[in-house]
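Take a look at the structure below.
The values are calculated or read from the model by the stated rules, or taken from the named source; none is laboratory data. What you see is a predicted model, and the numbers here were worked out from it, not measured in a lab. So basically every Cβ, Gly included, is an ideal-geometry build from the backbone, and we count neighbours across all protein chains shown. The area values use the complete protein model at the heavy-atom level, side chains included, leaving out ligands, DNA and RNA. Shrake-Rupley method; radii C 1.70, N 1.55, O 1.52, S 1.80 Å.
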Amino acid sequence: MRIIGAKAERQPDAVVTSEIRGLRRELEAWRSAVDNLDRCIRSDPALASLAAECDKIRELISVTAAKLETLP
């Protein structure tokens with residue numbers, strides 16, 4: 001997520017549109033993976049303590065997505 005965010009913070013003219021689309025696809029793949037992991041964690045009481053970590057990752061994804069939204 002930090003790498004995706006760093007790329008999003010570069011000068012907009014330095015990031016080509018296809019690269020932005022690729023970053024958005026990669027971010028969506030991460031979001032889907034975290035959602036799947038979160039469902040598994042929350043369905044198993046023995047793993048419930050890990051739910052907070054999923055929430056932290058989801059927040060990183062949201063911040064990164066917001067950076068990408070500012071790009072063309």
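Residues in the range 1-53 that are open to solvent by 90 Å² or more (accessible area, probe 1.4 Å), modelled with pLDDT under 90 and assigned to a helix (DSSP H, G or I): Arg2, Ile3, Glu9, Asp13, Arg21. Ile61: free of Cβ contacts under 8 Å to residues at least 60 places away in the same chain, in contact with a Leu (Cβ under 9 Å, 6 or more places away or on another chain) and crowded, with 16+ Cβ neighbours inside 10 Å, yes or no? No.
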